[in-house]
Amino acid sequence: MTDCQGDVEAENSPMELYRKLAELGDKVRTLKTAKAEKAEVDAAVQLLLKLKIDYKQKTGQDYKAGCPPSENGPVADDGNDEEDDVNPWSVTTSNAKGVDYDKLIVRFGSSKVDQQLVDRIEKVSGQKPHHFIRRGIFFSHRDMHTVLDAYEKKKSFFLYTGRGPSSQAMHVGHLVPFIFTKWLQDVFDVPLVVQLTDDEKYLWKDLTLEQCHQFAVENAKDIIACGFDINKTFIFSDLEYMGASPEFYRNVVKVQKHVTFNQVKGIFGFTDSDCIGKISFPATQAAPSFSNSFPHIFGDKKDIQCLIPCAIDQDPYFRMTRDVAPRIGYLKPALLHSTFFPALQGAQTKMSASDPNSSIFLTDTAKQIKNKINKYAFSGGKDTVEEHRQYGGNVDVDVSFMYLSFFLEDDEQLEKIRQDYTSGALLTGELKKILIDTLQPLIVKHQERRKQITDETVKRFMTPRPLNFKL
Ligand code: TRP
């Protein structure tokens, strides 16, 4: 692609500097991971520092990845230069405990899911909150209190979540938002729309349209296997539904008209050489937040509140959506954000389907699960049994313990494991065995449910039709 001429930003305007900094930050990270020559890394770092100084002089703010200079105003400096990198395409941190989620809340300007909110969810839903909420896995939110206020006054909402179908292979981490969404659907008795962004994956990956669409249909089976109620759930592929629904496309175009190229550059780090499909894609992910995008479900009602459960890396899309919504006469969607599901090798990065050894796939056999955990799961234990017994292990960096906090439902059992591992009474091999015994049946059950799902069932979920709910 040739560079486009339409950039109205003056050279070295704050936004232009911000963009250069974002690009350079990426470059430094790539060089570091690729273990490039020290001189080359140093040169890039020097340039980065110089640009940071220029940026501070120009804007009076410290440069923060993910926070463009405009609109959002100055962001407090947390004195952490080795910043966590969190965006829709990559998640990395230098900290073995994983991303610092409290800092992320400050940087993204969202709110913490605190005990008061957990208690309110319990009170309003009348159910014990899901362990994902109790344990801080869904740790951040936007406007949850507004959703609950309205719900208490008998004004309901709808759920929206999604998945980018980039391969056949889904891993256990991919299930986290869906398991939680299913719980929300059950306890609040609300309709759900699930967007499969086969268009997005075509634009970003080296795949054909047919492949992406095929992955969407295959992934739909794994999603359905989480137990969604067919009478309350509409799953759609962008490649199919966009062309079939004028109402949906109208909302896409409305969003497109109200977001500038500079804004998406700032939010997503697009550059002049990204294809225009990527540049306009965020409008497609925004549109399902508005109830009138689904006339077969909501008629022409445009004021039904949307709640989006998603991993925190998707927040940039919805910051943009929330910024646009009132300007086009719609409600801002509310959000519940989850932490990432760590890679087997450690919480510095999230599980990735493109690295088979970093993930436990939904198609893995019991034996593969056992081998991967024993071989790759990063351990917070000590090097020898003697040392471990004496000093104990560190659950904060131990991946097996982290996975148990996602999938072991019994709070007391989990707490006992934490204490025993920390004291040294429980060894790494024993901890890994508990994880293996927890995950194997969970995945076998998923595989059994998935096997029952026919193409016919998928088609029914993916057909635009009225859903059964009261608002
Ligand atoms: N972009 C997301 C991905 O690549 C897919 C997605 C679309 C999504 N809409 C969403 C995820 C809403 C969460 C909530 O996985």
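The values are calculated or read from the model by the stated rules, or taken from the named source; none is laboratory data. In this text, all values refer to a predicted model and were calculated from it rather than measured experimentally. Cβ coordinates were reconstructed from backbone atoms using ideal geometry, including for glycine residues, and neighbour counts include every protein chain displayed.
Structural remarks
- Output for the stretch 177-197, where each listed residue is more than 11 Å from the ligand (Cβ to nearest atom) and more than 18 Å from Ser291 (Cβ to Cβ): Ile179, Phe180, Lys182, Trp183, Asp186, Val187
- Scan of the stretch 259-299 for residues that are free of Cβ contacts under 8 Å to residues at least 12 places away in the same chain and more than 28 Å from Asp85 (Cα to Cα), ordered by number: Gly299
- Test: Ile360 is in contact (Cβ under 8 Å) with a residue 24 or more places away in the chain and closer than 30 Å to Pro441 by Cα: yes
- Beta carbons closer than 7 Å, at least 6 apart along the sequence or on distinct chains, pair a first residue in the stretch 339-355 that is farther than 14 Å from Pro88 by Cα with a second that is among the hydroxyl-bearing types (Ser, Thr, Tyr) and in a strand (DSSP E or B) for Ala343/Thr349; Gln348/Thr92.
- Pairs where the first residue, in the stretch 160-189, is closer than 16 Å to Asp313 by Cβ and touching a residue at least 12 places away in the same chain (Cβ under 8 Å) and the second is part of a loop (DSSP other than H, G, I, E, B) and aromatic (Phe, Trp, Tyr), C-beta under 7 Å, 6+ apart: Gly173/Phe341; Val176/Phe341
- Of the listed requirements (1) more than 16 Å from the ligand (Cβ to nearest atom); (2) touching an Asp or Glu at 6+ places or on another chain (Cβ under 8 Å), Gln116 misses just one: (2).
- Qualifying residue in the stretch 262-278 (condition: hydroxyl-bearing (Ser, Thr, Tyr), within 15 Å of the ligand (Cβ to nearest atom) and either at pLDDT 95 or above or more than 21 Å from the chain's Cα centre (by Cα) (or both)): no
- Listed conditions (1) over 24 Å from Pro466 (Cα atoms); (2) touching a helix residue (DSSP H, G or I) at 6+ places or on another chain (Cβ under 7 Å); (3) crowded, with 22+ Cβ neighbours inside 10 Å are all met by Asp198, apart from (1).
- Filter result for the condition that a residue is of a type outside the set (S, T, N, Q) and touching a His at 6+ places or on another chain (Cβ under 6 Å), over Ala225, Ala216: Ala225
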